[in-house]
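Contents: one structure, followed by commentary.
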Amino acid sequence: MYVRISDDREGESKGVARQLKDGFALAEARGWPEPAVYNDNDKSAWKKTVVRDDFRRLLADIKDGLIDALIVYDSDRFYRQPRELEEFLDICEGAKLTQLTQVTGDVDLASTDGKLTLRIKAAVAVKESDDKSRRIKRKHLELAEAGERNGGGRGFGYEDDGKTIRQAEAEVLLELKDRIFAGESIRSLCFDLNERGIKTATGGEWSQFPLRRLMMSAGISGRREHNGEIVAVGKWPAIIATEDSDRLRAMLKDPARRKNQMARRYLLTGMLRCGRCGAPLVARPRQDKRRRYVCARQPGSEACGKLAILSDELEEMVVEMVLHRLDGEALPRALAAQHDDRGDDHQQEVDAAAAQLEELAGLYAAQSISAAEWMAARGPIEERLERAKRKLADVDGTTAIHAYLGGGQDLRERWKELSMDRQRAVLGALIDHITIGPALVGRNFFDPDRVAPTWRV
Ligand SMILES: [Zn+2]
């Protein structure tokens with residue numbers, strides 16, 4: 001008997017209980033011995049290692065002549081693709097297995113009719129899912145070409161009917177258009193709208209991505225787009241003139257507008273925290289193009305926006321601290337101890353939990369425990385597995401530096417040749433995060449006292 005156990009706790013698992021129950025009943029009714037269960041688990045906990053393993057095992061056993069008859073709940077549970085069916089049919093033919101029993105009816109694999117039925121069912125199943133997605137796509141395009149609004153909520157600037165202009169919002173759109181043409185950034189427009197208490201169409205605060213999308217949308221110019229292309233004149237009035245809309249679309253799409261923040265990459269992105277508010281610092285150059293990290297006020301974030309530090313000196317200092325640390329005696333000892341003890345412990349924990357889960361599923365498949373017992377028992381084990389996996393990942397995070405242990409001098413010489421990714425891996429292995437303190441008033445040179453790293457090891 002072949003069954004599939006799915007991850008779906010409410011829906012599919014009931015189906016599995018039925019698969020097993022009906023399957024065993026069927027065998028009994030025929031006077032067959034109790035069937036061996038081939039059990040594929042789509043459960044996420046070990047999805048990586050078990051992907052239809054038992055389907056492959058079953059095919060191998062059929063090939064070896066170990067199977068006299070096969071019970072499946074329904075053939076489309078059994079193979080997922082027509083090519084799997086063809087492989088199965090070939091193997092059955094080679095092994096002279098002719099008895100395929102489904103709860104929904106027997107199939108005689110020796111007869112042409114039996115095979116044909118299976119093939120038709122497979123083809124129909126594939127076609128149904130293809131048709132469905134094609135129908136949906138087709139429908140969307142038809143609506144677009146007919147100039148109908150696409151579904152979803154109210155668009156900013158229009159009433160609920162999607163056709164009547166809401167005057168107050170239309171004026172906001174026209175103002176935003178002018179200010180964007182004048183070179184104002186989407187970010188500063190968001191701040192302004194939020195400060196003035198102007199809400200989005202859904203009544204929320206503005207943030208950058210939705211505002212950019214709104215100003216680029218063809219809808220505000222009374223046109224309909226489909227997959228980013230304008231396909232029709234809409235059945236609703238325009239707020240922004242066609243030429244202005246085209247210009248907005250071109251301007252906001254232009255990647256040059258998105259500042260050249262990333263022109264030079266920033267080594268410490270993601271590692272720095274604001275000493276005032278705890279927000280992560282982001283890379284943002286000064287007006288004079290000097291690179292720096294700042295606590296950036298963003299629409300929709302709590303960051304204080306009151307802290308900045310220049311990049312060059314900071315990066316140099318952090319690299320020096322890390323190289324120095326790699327040179328010391330204490331670090332290799334600490335790392336080695338950590339890896340041997342904790343690493344092994346966590347690995348054992350992961351293995352044990354995974355094995356327990358598998359055993360449980362096996363018990364369930366063999367009907368030694370009920371579905372309710374199975375579900376109740378696996379929750380705590382899954383949690384333990386997740387915890388152990390996370391701890392293991394923490395320990396493994398230090399492997400980037402093992403090669404360099406005690407070699408701080410050597411690494412210092414080669415540092416500049418390493419790729420940015422490699423450099424970041426080395427830093428990230430040692431540094432959990434670095435808190436940057438506020439600058440002292442009147443000090444406009446680099447102040448090392450502002451840099452407070454929290455080490456991982
Ligand atoms: Zn801050």
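Yes or no: the stretch 306-318 includes at least one residue that is modelled with pLDDT of 70 or more, away from the ligand (no atom under 16 Å from the Cβ), farther than 30 Å from C274 by Cβ and out of contact with any Gly (no Cβ under 8 Å at 6 or more places or on another chain). No.
Residues checked against (1) open to solvent by 40 Å² or more (accessible area, probe 1.4 Å); (2) closer than 21 Å to G234 by Cβ; (3) without any contact (Cβ under 8 Å) to a residue 40 or more places away in the chain:
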{"site": "A146", "(1), (2), (3)": "yes, yes, no"}
{"site": "L173", "(1), (2), (3)": "no, yes, no"}
{"site": "D178", "(1), (2), (3)": "yes, no, yes"}
{"site": "A201", "(1), (2), (3)": "no, yes, no"}
{"site": "E205", "(1), (2), (3)": "yes, no, no"}
{"site": "P210", "(1), (2), (3)": "yes, yes, yes"}
{"site": "L214", "(1), (2), (3)": "no, yes, no"}
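Among the residues making up the stretch 91-129, those that are β-branched (V, I, T) and either assigned to a helix (DSSP H, G or I) or modelled with pLDDT under 70 (or both) are I91, V103, T104, T112, T117, I120, V124, V126.
Against the numbered list (1) away from the ligand (no atom under 16 Å from the Cβ); (2) farther than 24 Å from L193 by Cβ; (3) open to solvent by less than 60 Å² (accessible area, probe 1.4 Å), G275 comes up short only at (1). When you scan the stretch 300-324, how many residues do you find that are closer than 14 Å to Q423 by Cβ and without any contact (Cβ under 8 Å) to a residue 40 or more places away in the chain? The qualifying residues number 2. The residues on offer are A263, A296, and the sole one that is hydrophobic (A, V, I, L, M, F, W, C), surrounded by 18 or more Cβ atoms within 10 Å (Cβ to Cβ), at pLDDT below 90 and in a loop (DSSP other than H, G, I, E, B) is A296. Across the stretch 286-296, a minimum of one residue is classified as within 21 Å of E205 (Cβ to Cβ), in contact (Cβ under 8 Å) with a residue 12 or more places away in the chain and within 15 Å of the ligand (Cβ to nearest atom). G197 meets the conditions (1) open to solvent by 70 Å² or more (accessible area, probe 1.4 Å); (2) at pLDDT 90 or above in every case but one. The failed one is (1).
The values are calculated or read from the model by the stated rules, or taken from the named source; none is laboratory data. Being a predicted model, the structure only gives us computed values, none of them experimental. Note that we place each Cβ from the backbone using ideal geometry, even for glycine, and neighbour counts take in every protein chain shown. What goes into the accessible areas is simple: the full protein's heavy atoms, side chains included, and nothing from ligands, DNA or RNA. Shrake-Rupley method; radii C 1.70, N 1.55, O 1.52, S 1.80 Å.
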